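Reviewing the structure listed below.
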Amino acid sequence: MTATYCDHCGDPLADGDHDRCRTARRMEPPRYCPDCRRRMVVQVTPGGWTADCTRHGTRTAASPR
């Protein structure tokens, strides 16, 4: 599935430039579901992060070592 919304700011990807969002996402987990724009519940741990969308499930990432 192709993302429709920016997972950092929640705005549609087709609207405007998201360079600042991509830069911020290098250091931060996603905040919005890229499929439905819902705010996700995010948990950051020393080993990575999890982000839960009530409609689309859990996304995870491990911290680089």
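Computed from the coordinates by the stated procedures, all read-outs in this text should not be read as laboratory data. The structure displayed is predicted, hence computed values, not measured ones. Cβ: placed from backbone, ideal geometry, glycine included. Neighbour counts: every protein chain shown.
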Return the single residue from 39, 31, 20 with maximal mean-square fluctuation; model: Gaussian network over the chain, springs between Cα atoms under 10 Å.
20
So, over other residues within a Cβ distance under 14 Å of residue 30, counting Lys, Arg +1 and Asp, Glu -1, the net charge is +3
Build a GNM of the chain with springs between Cα atoms under 10 Å: which of 29, 12, 46 gets the top mean-square fluctuation?
46
